[in-house]
1. Please calculate how many Å² of accessible area the chain carries per residue, with a 1.4 Å probe and no DNA, RNA or ligand atoms counted.
2. Grab the other residues whose beta carbon is less than 13 angstrom from that of Met111, score K and R as +1, D and E as -1, and report the net.
3. Show me, for the stretch 77-91, the HN-Hα J-couplings you get by feeding each phi into the Karplus relation (A = 6.51, B = -1.76, C = 1.60, θ = phi - 60°), rounded to Hz, glycine and proline as x.
4. Tell me, what % of the accessible area of the chain is carbon and sulfur with a 1.4 angstrom probe?
5. Please identify the chymotrypsin sites (Phe, Trp or Tyr not before Pro) of the stretch 26-89 that satisfy two criteria: DSSP loop assignment and at most 11 other Cβ atoms within 10 Å. Which are they?
6. Hey, got the dipole for the stretch 1-73? About the Cα centre, +1 on K and R Cβ, -1 on D and E Cβ, debye to the nearest 20?
7. Would you please name the trypsin sites (Lys or Arg not before Pro) within the stretch 73-148 that are DSSP coil residues with at most 10 other C-beta atoms within 10 Å of their C-beta?
8. Using the Cα centre of the stretch 1-145 as the reference point, and only Cβ charges (+1 on K/R, -1 on D/E), how large is the resulting charge dipole? Debye, rounded to the nearest 20.
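The values are calculated or read from the model by the stated rules, or taken from the named source; none is laboratory data. What you are looking at is a predicted structure, and each value in this text was computed from that prediction instead of being measured. Glycine gets a Cβ as well: all are built from the backbone with ideal geometry, and neighbour counts include every protein chain shown. Remember, those area values only see protein heavy atoms, side chains included, never the ligands or the DNA or RNA. Shrake-Rupley method; radii C 1.70, N 1.55, O 1.52, S 1.80 Å.
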Amino acid sequence: GYYDGVAFNRVVPKFLTQFGIGKDFLTRTREKELTLWDDFPKGVKFEPGTISFAGSGHDSRTTEIFIVMPGATQQQLDKFGENTWETPFAVIEGDVEKSALKKIYSGYGDMPPYGRGPDSNRIYDVDGYTRYLPKNFPKLDYIDRCYV
């Protein structure tokens, strides 16, 4: 499926883990142009393990998703969802503190300009998965298979 082989490209402990830029160049290029409309606010509160589409502005959601990480502060949890494109659609069941989320490599930190992690725009390039990520971020973790 679409998320098979996808990198966890933004991993910030006690904040979020983001992924969703497809491994196949033609597919990710096509999907980037197909945006989803924002949902109407539903008043759902974010908590560690909450899963939401990521976005960058009104009606900007595509295939990129984030998961709220264990240890997120209450102040941060209250900020999630302030943007109309951040609407939770799932939650990880069970004890998130003991989940695999904490095992995802986080050494690169946030994306530029906030950290040294991968630049999402570069991942979308034709060589995003063949050169850019393996050469510059060899320790990233990837989704093996994703069943939706």
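1. Normalised by residue count, the accessible surface of the chain is 60 Å².
2. Summing Lys/Arg as +1 and Asp/Glu as -1 gives 0.
3. My calculation for the stretch 77-91 gives 4, 5, 6, 4, x, 5, 8, 5, 7, 9, 10, x, 10, 6, 9 Hz in order.
4. Carbon-and-sulfur percentage of accessible area, whole number: 54.
5. Of the chymotrypsin sites (Phe, Trp or Tyr not before Pro), the ones in loops of the stretch 26-89 whose Cβ has at most 11 other Cβ atoms within 10 Å are Trp37.
6. In total the dipole reaches around 200 debye.
7. Lys139, Arg145
8. About 500 debye.
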